[in-house]
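See below for the structure under consideration.
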Amino acid sequence: MYHQPVLKNRRTLLERAEKFISDIYFTDCNLRGRLNGDSCPLQSISSFLSAKRITFTEACKQNFAPYKVGETFGPTWWTCWFKVTLTIPESWRGREVHFLWESDGEGMVWRDGQPVQGLTKEGEKTSYILSECLKDEEPHSVTLYVEMACNGLFGAGQGSMIAAPDPNRKFSIQKAELVIFNRDVRQLLTEFEMLVDIVKELGEGEQRGYQALFTVNEMVNLCDPNDPSSFSEARRLASKFFNQQNGESQHMVHAMGHCHIDSAWLWPYEETIRKCGRSWVTVVNLMDKNPDFIFTCSQAQQFQWVKSWYPGLFSKIQHYVKKGRFIPVGGTWVEMDGNLPSGESMVRQFLEGQRFFNQEFGMYCKEFWLPDTFGYSAQLPQIMQGCGISNFLTQKLSWNLVNTFPHNTFFWEGLDGSKVLTHFPPGNSYEMKAKIEELVRTVRNNKDKGRANHSAALFGYGDGGGGPTQLMLDRLRLVQDTDGLPKVQMSTPDRLFSQLRAESALLCTWSGELFLELHNGTYTTQAQIKRENRQCETLLHDVEVASSLALCRNRTFLYPQEKLQQLWRLLLLNQFHDVIPGSCVGVVVDDALKYYNDIRSDGSVLLREACEALGPKGSSVGVFNSLPWERHEVVQIQDGTDKPGLALVRAPSVGASPVIDIQPVTAVSVTLQADGTVLMENGILKAAINRDGTLASLCLIGSNRETISDGCVGNQFVMFDDVPLYWDAWDVMDYHLQTRKPVSEVVQPAHVVSSGGLRGSVGFTLRISDKSVVTQEIVMDAMCPYIKFDTKVEWAESHKFLKVEFPVRVRSPNATYEIQFGHLQRPTHRNTSWDWARFEVWGHKWADLSEHNFGVALLNDSKYGYSVHENTMTLSLLRSPKAPDATADMGTHQFTYAVMPHSKSFQEASVIQCAYNLNFPLRLIQCSPDTVPWSAFSVPEPVILETVKQTEEGKGMLVLRLFESHGSSVTVTLRTTIPVREAWHCDLLERRQSTQPAHVTPEGIALDFTPFQIVTLLLVL
Ligand SMILES: [Zn+2]
């Protein structure tokens, strides 16, 4: 019954079919040209321009002026509201009627005060369906409002996507009309397109491709575009092909609708709220029409935004969540960066996220969802498990520049041995279009063939593109089980992971971090954001400790639960994977810094109030120590004459004491030598500082060990050319290392600032370039085992990278870096491609290079980028990328780092504690002169009491979070002076483990730990 082809020519048959559905060629006579029927102009369009993002109610009240299609409006980030009146012609009865609206901005259609459709050209959403089949009783005259944001899908980059936004961009409406939409043509077109794609994707090697070719050719023979009655014959042929089924062994693709919305990136936070509204209203519409459609949606913050800005839409979402079709995933507040947030921040991402999902939808997420983040900490599996999550989905490691990650489905084992089932969708995308090419790629790319027979395919436009389209759903429906293609089912993360787990016997395990071999500049870019993140994490830690203690010591004290939640949520929001990495536009940086400022100002008030409630007020100065060990430190205090003075104080563990000046065993001495070098000594360390501020020598006196490598100097500033291949704010490339230039031009040579006693210091200034200058004060405190480098940089560079180097006398194949609740090692050599791809790595408060019985630690108060190559330890300080923020990092920077040589191992030398001390300064408080020093908690090394807070449930219960910090198995006793009635183990979501009471004795609470284990306790007071 098929027509015999004239020639055995695959190419002409294929191209013939392509031309039959082309939207460029032969549209006068092909099928595509029949997609839309008659059109009709709108009755009227008028517009109103607003600098701010206002509500619909506000917008309606404005004066609208007539608007002509094609006229421009703007500038960037403004909003143009349109009022549209239309009348559908009577003669269109029985037809599907669309309101067509094409613009380069992002739009939302409002009808009767409700958002009804998101419009984004790039997301293939340019029409609002007025009627699927026009009936007489339907309203023919309608008024719509269209809210047009003056930005595109990816903001308003000048010239390229990631370029800094053009502040003066103008937008326009290119098309606005009513049109008859021929649904039958659309359906037939989809079948043609899928068959043509099968021919192309399966290629000449497979007979199934030829079957598709002859089918589609015959369909062209049968189909007369001008005669819809001819369509059914063509569709019957298509259906015969698509319904020929696979065998049982075929791979199963779990299709899930998705819309990855960056919480801020090339547009500000406020625009994201509208992106969510536009996208999700579209999703809900599709759900109304497609009962099988399932959509996965992450980030509690975005749900929270939609709840407060689009309450009507939110209740529809709640309805579909209940039906199991709109599926909240991920369990976190935002899709945060996977490297930089502290351990406690990571826990709070889940705590805020999971609690929100439980409150709003009565469910906890079972999978962690982080498709787009720049690497994943080795501590995440334990944190996930502690939050009720055993599955993980991402695909970002497919972006690796050097090495191909060997798995798509595997068990990921964390630092402590926790394992989570992990899946990277083999299609390497979270924005699929449900095309044949992607389905075939999903099977071909799967690196665990034979081990895992299920894969995820996430489809839908992200970032305001509005997620899936009807077309995508139609495509998937056609190929659910078509011989030669993978099977496809609309699925859920739960179904995917359950089936992977059920057949997981052959799966492999990957142990340790998932390091992304790309975007390694994000550990350093936007230094101000990084510094604020670290300092706000510290501040909230201290507020919680102080408030918890105030609660125990003062019956009238009210724990600031709500305020703290608010501040935490701001901090968590800024940890989004384009904000804390510094890969966002300038307006987002402004927003982020404003939020940090809110945290700082409100947090300081909370801290002061809590500290005041710790004991009777008085005229004396005291210190509050939030860390779980006793500290002897030099602090700066105001004396009676209001002049700052210094005191060496003893501060009890998690407690307070009046300042009682103790005498140091050895005072600090600072001497300027005749040759211009300065010697500093405090009985522990002896340093020789050159004229240019470099360290000629740093000696650990007790073991008589020189730290600085022979013939080298420490504290050497170095500059590099920093021109990546494309992703400016994101990437630092390996070749930058070849452009190293020491900073050596002395503006002011090393000179004595403080001559010693409790504190000695040496200052100097170097010129970095004709635009940038670094000034430093090298500080040595009495009894302190490290030297601090208080640094100020005036920075006005372009595509340069500033670092500081310490070549040290240590030989070791591995260096150690602090991560969340622990540390890990990375090689100092470049043996394999996996080693040299880690030329720039991340760490938190410290990194250490040790050989047996001696080592050197490099501590910092706000940096995250490190590298240790052979025996040179380097801290990354400042970058100067120009996109997407043209002024990133320009201006004044202040930061501190410290170097700490030590004997024994870094664990035994208390490097970890020293790095905490550097980051958590003792807080000065007012107390009465007769205050007796007191300590609320103490716990011996290696266990660290990281967090003390009130439970989320309130009710006079505290949560204590502790972790083992050395990588050892131990039993310790947590001592407390707080009367504790009961203690229970709980998970990270603070859910009591009723089978696991903690044993409270008069000595304290005995606790067992395995290496890097996190333990959370619930104390009933
Ligand atoms: Zn993203």
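The values are calculated or read from the model by the stated rules, or taken from the named source; none is laboratory data. All of these numbers come straight from a predicted model, not from anything done at the bench. As a convention, Cβ positions derive from the backbone with ideal geometry for all residues, glycine included, and neighbour counts pool all protein chains shown. Calculation scope for accessible area: heavy atoms of the full protein, side chains included, ligands and nucleic acids excluded. Shrake-Rupley method; radii C 1.70, N 1.55, O 1.52, S 1.80 Å.
Tell me, which residue of the range 362-384 that is in contact with a Ser or Thr (Cβ under 6 Å, 6 or more places away or on another chain) and more than 16 Å from the ligand (Cβ to nearest atom) is nearest to residue 298 (Cα to Cα)?
Here the residue is 381.
Enumerate the strands (runs of 3 or more DSSP E) found wholly within the range 827-876, keeping only those where 1 or more residues are of a type in the set (Val, Ile, Thr) and more than 22 Å from the chain's Cα centre (by Cα).
Once the strands (runs of 3 or more DSSP E) in the range 827-876 are filtered for at least 1 residues that are of a type in the set (Val, Ile, Thr) and more than 22 Å from the chain's Cα centre (by Cα), what remains is 854-860, 865-869.
Being among the basic types (Lys, Arg), without any contact (Cβ under 8 Å) to a residue 12 or more places away in the chain and surrounded by fewer than 20 Cβ atoms within 10 Å (Cβ to Cβ) is true for just one of 366, 449. Which residue is that?
The match here is 449.
Identify the single condition in (1) under 18 Å from the mean Cα position of the chain (by Cα); (2) aliphatic (A, V, I, L, M); (3) more than 16 Å from the ligand (Cβ to nearest atom); (4) buried (at least 19 other Cβ atoms within 10 Å of the Cβ) that residue 585 does not satisfy, given that it satisfies every other one.
All conditions pass for residue 585, except number (3).
Is there a residue being under 40 Å from the mean Cα position of the chain (by Cα), among the hydroxyl-bearing types (Ser, Thr, Tyr) and over 21 Å from residue 801 (Cα atoms) anywhere in the range 720-728?
No, the range 720-728 contains no residue that is under 40 Å from the mean Cα position of the chain (by Cα), among the hydroxyl-bearing types (Ser, Thr, Tyr) and over 21 Å from residue 801 (Cα atoms).
Residues in the range 246-279 that are part of a loop (DSSP other than H, G, I, E, B), in contact with an Asp or Glu (Cβ under 7 Å, 6 or more places away or on another chain) and farther than 22 Å from residue 574 by Cβ: how many?
Taking the range 246-279 as the starting set, the residues that turn out to be part of a loop (DSSP other than H, G, I, E, B) are 246-251, 259-268.
Narrowing further to those that are in contact with an Asp or Glu (Cβ under 7 Å, 6 or more places away or on another chain): 246, 260-262, 264-265, 268.
Those left that are additionally farther than 22 Å from residue 574 by Cβ: 246.
Residues flagged as part of a loop (DSSP other than H, G, I, E, B), in contact with an Asp or Glu (Cβ under 7 Å, 6 or more places away or on another chain) and farther than 22 Å from residue 574 by Cβ within the range 246-279 amount to 1.
Within the range 556-575, can you find the residues that are within 16 Å of the ligand (Cβ to nearest atom) and in contact with a strand residue (DSSP E or B) (Cβ under 6 Å, 6 or more places away or on another chain)?
If the condition is that a residue be within 16 Å of the ligand (Cβ to nearest atom) and in contact with a strand residue (DSSP E or B) (Cβ under 6 Å, 6 or more places away or on another chain), then 575 is the only one that fits.
Please work out if residue 86 is under 16 Å from residue 60 (Cβ atoms), surrounded by 20 or more Cβ atoms within 10 Å (Cβ to Cβ) and among the aliphatic types (A, V, I, L, M).
For residue 86, the condition - under 16 Å from residue 60 (Cβ atoms), surrounded by 20 or more Cβ atoms within 10 Å (Cβ to Cβ) and among the aliphatic types (A, V, I, L, M) - is not met.
Would you confirm whether any residue within the range 208-222 is closer than 27 Å to residue 11 by Cβ, open to solvent by 20 Å² or more (accessible area, probe 1.4 Å) and basic (Lys, Arg)?
Within the range 208-222, none of the residues are closer than 27 Å to residue 11 by Cβ, open to solvent by 20 Å² or more (accessible area, probe 1.4 Å) and basic (Lys, Arg).
Listed here are the residues, each with its yes/no results for (1) more than 24 Å from residue 119 (Cβ to Cβ); (2) outside any loop (DSSP other than H, G, I, E, B); (3) not aliphatic (A, V, I, L, M).
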site	(1), (2), (3)
12	yes, yes, yes
30	yes, no, yes
54	no, no, no
69	no, no, no
81	no, yes, yes
94	yes, no, yes
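With the checklist (1) within 16 Å of the ligand (Cβ to nearest atom); (2) surrounded by fewer than 21 Cβ atoms within 10 Å (Cβ to Cβ); (3) within 20 Å of residue 568 (Cβ to Cβ) in hand, flag the one item residue 358 doesn't pass.
(1)
Yes or no: residue 716 under 23 Å from residue 526 (Cα atoms) and not acidic (Asp, Glu)?
Yes: the conditions hold for residue 716.
Of all residues in the range 257-284, count the ones that are touching a Phe, Trp or Tyr at 6+ places or on another chain (Cβ under 9 Å), closer than 18 Å to residue 315 by Cβ and away from the ligand (no atom under 16 Å from the Cβ).
6
Would you check if residue 67 is modelled with pLDDT of 95 or more, hydroxyl-bearing (Ser, Thr, Tyr) and buried (at least 19 other Cβ atoms within 10 Å of the Cβ)?
Spelling it out, residue 67 is indeed modelled with pLDDT of 95 or more, hydroxyl-bearing (Ser, Thr, Tyr) and buried (at least 19 other Cβ atoms within 10 Å of the Cβ).
From 902, 893, which residue is under 15 Å from residue 530 (Cβ atoms) and modelled with pLDDT of 95 or more? Show your work before the answer.
On the way: 902 fails: under 15 Å from residue 530 (Cβ atoms).
Answer to the selection: 893.
Just one of 511, 491 is open to solvent by 60 Å² or more (accessible area, probe 1.4 Å) and among the hydroxyl-bearing types (Ser, Thr, Tyr); which is it?
After ruling out the rest, the residue left standing is 511.
Only residues that are at negative phi, open to solvent by 10 Å² or more (accessible area, probe 1.4 Å) and either within 16 Å of the ligand (Cβ to nearest atom) or of a type outside the set (Val, Ile, Thr) (or both): list them for the range 314-343, please.
315, 316, 318, 319, 320, 322, 323, 325, 342
Take the residues in the range 1-55 that are at pLDDT 95 or above and basic (Lys, Arg); name whichever of them is most open to solvent (accessible area, probe 1.4 Å).
Restricting to residues being at pLDDT 95 or above and basic (Lys, Arg), the top hit is 52.
Would you mention how many residues in the range 158-177 are surrounded by fewer than 21 Cβ atoms within 10 Å (Cβ to Cβ), touching a strand residue (DSSP E or B) at 6+ places or on another chain (Cβ under 6 Å) and over 16 Å from residue 70 (Cβ atoms)?
1
Can you tell me which of (1) touching a Leu at 6+ places or on another chain (Cβ under 9 Å); (2) among the charged types (D, E, K, R); (3) within 16 Å of the ligand (Cβ to nearest atom) is the one residue 292 doesn't meet?
(3)
What do you reckon, is residue 218 more than 29 Å from residue 291 (Cβ to Cβ), within 21 Å of the chain's Cα centre (by Cα), in a helix (DSSP H, G or I) and more than 16 Å from the ligand (Cβ to nearest atom)?
no
Take residues that are in contact with a helix residue (DSSP H, G or I) (Cβ under 8 Å, 6 or more places away or on another chain) and open to solvent by 50 Å² or more (accessible area, probe 1.4 Å) and tell me which of the strands (runs of 3 or more DSSP E) falling wholly in the range 903-1021 contain 1 or more.
Here the list reads 923-927.
Run down 352, 335 and say which single residue is modelled with pLDDT of 95 or more and in contact with a helix residue (DSSP H, G or I) (Cβ under 8 Å, 6 or more places away or on another chain).
Exactly one of 352, 335 is modelled with pLDDT of 95 or more and in contact with a helix residue (DSSP H, G or I) (Cβ under 8 Å, 6 or more places away or on another chain), namely 352.
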